[in-house]
Every structure is written in C-alpha cells, then in structure tokens.
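The values are calculated or read from the model by the stated rules, or taken from the named source; none is laboratory data. All of these numbers come straight from a predicted model, not from anything done at the bench. Note that we place each Cβ from the backbone using ideal geometry, even for glycine, and neighbour counts take in every protein chain shown. Protein only, heavy atoms only, side chains kept; ligands, DNA and RNA dropped before computing areas. Shrake-Rupley method; radii C 1.70, N 1.55, O 1.52, S 1.80 Å.
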Amino acid sequence: AAHHARSGAMQRKLYEAGYAAITAPTAYGGRGGEPWMQQAFREEASVRNSHTGFYGSILAMASPALLAYGTEEQKRTHLPGLYAGAVSWCQLFSEPGAGSDLAGLGARADLVGDEFVINGQKVWNSAAMYADMGILLVRTDPDAVKHAGITFLLFDMRQPGVEVRPLIQANGAGHFAEVFLTDARCPVTNVLGEVGGGWAPTRVVMANESAMIGGAAGNRAAKLIQLARLQGRDDEPLVRQQLADVHARELLLSSM
C-alpha cells in the first residue's frame, strides 16, 4: 500500500511537470509532444528515482487503446485522471481457465436495459485492490466463436458486486489479486469500441504490454559490458558472471 501511494504521488508529480503524457493530445491532459521527446525523457528518467510503479504500467497499456477506440466523451472523461494518477486503474483480462488462451474467457455480461450485468472471476490482477477503474474483458455473446463474442469495458471497481482478494505469493509479496464479479454493473456507454468487437482494443493493450515488458529490458546488458570494459574489469570472473546474468534476464524479458 505504501509503495502504491508513493507511485501515485510520483505520477501526479510528473503530470504537474508535464512529463506524464508527453505525446498525448493536449485536449486530454497530454503535452502534445513528439515521440523523440518521450524517448529523451525515458533516457533521463532511467538514471533518476522517478518510477511510477503500476501507475506507469497501466497507463502504457490502457492509454493507447483509449486513444484509438474511445469516444470523444470517454477520452475526455478518463484520460486526464489516468495521466494524472488521480484515478487508479487495473487490468481485468486473465481468468483461472483463460490465461494463455485469453480468447477463451468466460466472464459473462448480459445486457439489461442500458447496462451490462456481469458475473465471473479474474485473476493475477496487479494492484486491483487499489483500483478505482478497470479495463475489463467479458463475453457478451456466448454463441460467437471466441474472439467475436468479447466486449471491452471501462469498469467501475468501486461498486457492490466487486470483491477483490489479494494473492500472497511464496515470497510474501502481495501485488496481485483475484477479482470476483457478482451481478456487477457497467453502462453501455462504457464499452470501448463495439459490443462484440472487444478483441481489437484488446490487441492494442497486449501489444503495448509486450513492448513495455521488452522495453524494461532495454539494452542495459550492453551498457554494463561497455562500462566494465572501460573500467578494465571485464576479465574478472565474478563481474563476467554478473554480466552474463543480466544478459540472460534481458533476453528472457525481451522474448515475453
């Protein structure tokens, strides 16, 4: 909880300084800058204590999907709070029976009037216990073939029918949670994209998630090797072992 609070404070600090959404349109709380500005900021931020934890991660995943598929009202309503860290979001995709095969998800949403009634379970949801909103995948047409029956919702986590249970890992960490949805509600106006067309914005989220994970690795190993050579320590067995470990971890991250 303390880490999440610090991350949120840093997100708000970056937003106030104009660095939280450098390339996003100014109409939605961004800076309207060029991609090279974002890259320059990342390089400078990498050597400073400015990490925003899951605030930065969910922003990198959800913001591009909202920009690409959101209505004007959705973008003006949700993007400023997302950029500013004023509203905490989480990702509600994976299920106990639909992790690697995300298109096989079973959380059900039935249309009643002008809102969906949602029942199901999500798992491995980072920071869900702190979230105000979530990007939620549900099945709205059980008869459609996998991808075709999925709808993407901008979902209010602070409502009856939402139960969040922290998942404590073997090392004592509790960053993940499982979420149980029992007759939870979501208005049709919170559909991102089209009803039954949720796979398109989902692919945007997943592509940016992969890019973010790969970018976390970056080329740190190469820079560390270069530094070791400059210091004349690249022949030391212990240093070489540590460099090999960083290189292996970087390859693993980039392949995810």
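Working from the pairwise distances between different alpha carbons, so that the mean of 1/r is found and then inverted, what is the chain's Kirkwood radius in Å?
This gives a value of 19.8 Å.
In a Gaussian network model over the chain where Cα atoms closer than 10 Å are linked, find which of Met157, Met206, Met37 has the largest mean-square fluctuation.
Met37
Would you work out the relative contact order for the chain, in percent, from Cα pairs under 8 angstrom that are 6 or more residues apart?
The normalised contact order for the chain reaches 16 percent.
Express in nm, to one decimal, how much length is gained between Ala17 and Asp245 on full extension, taking 0.36 nm for each residue of separation and deducting their alpha carbon distance.
So the chain would gain 78.4 nm between Ala17 and Asp245.
Divide by every residue of the chain the summed helix terms, -39500 (n - 2.57) for each DSSP H run of at least 4, and state the resulting mean residue ellipticity at 222 nm, rounded to the nearest 500 deg cm²/dmol.
-13500 deg cm²/dmol
Can you give the local net charge around Ser94? Use residues other than it whose beta-carbon is closer than 15 angstrom to its beta-carbon, Lys and Arg +1, Asp and Glu -1.
Cβ neighbours under 15 Å give a net charge of -1.
Cα atoms only: what Rg and Dmax, in Å, come out for the stretch 62-180?
Spelled out, the Cα radius of gyration and Dmax of the stretch 62-180 are 14.6, 46 Å.
Cα to Cα, under 21 Å, and not fewer than 8 places away if on the same chain: which lysines meet these conditions relative to Lys122?
List returned: Lys146.
Excluding ligands, DNA and RNA, what is the solvent-accessible area per residue of the stretch 1-51 at a probe of 1.4 Å, expressed in Å²?
Roughly 68 Å² per residue, with all protein chains present.
If each of Ala45 and Asp234 carries a label point 7 Å out from its Cα toward its Cβ, how far apart are those two points in nm?
3.1 nm
Any lysines with Cα under 28 Å of the Lys13 Cα? List them, leaving off those in the same chain fewer than 8 positions away.
Cα-Cα hits under 28 Å: Lys75.
Would you mind telling me the share, in percent, of accessible area of the chain contributed by carbon and sulfur at probe 1.4 angstrom?
54 percent
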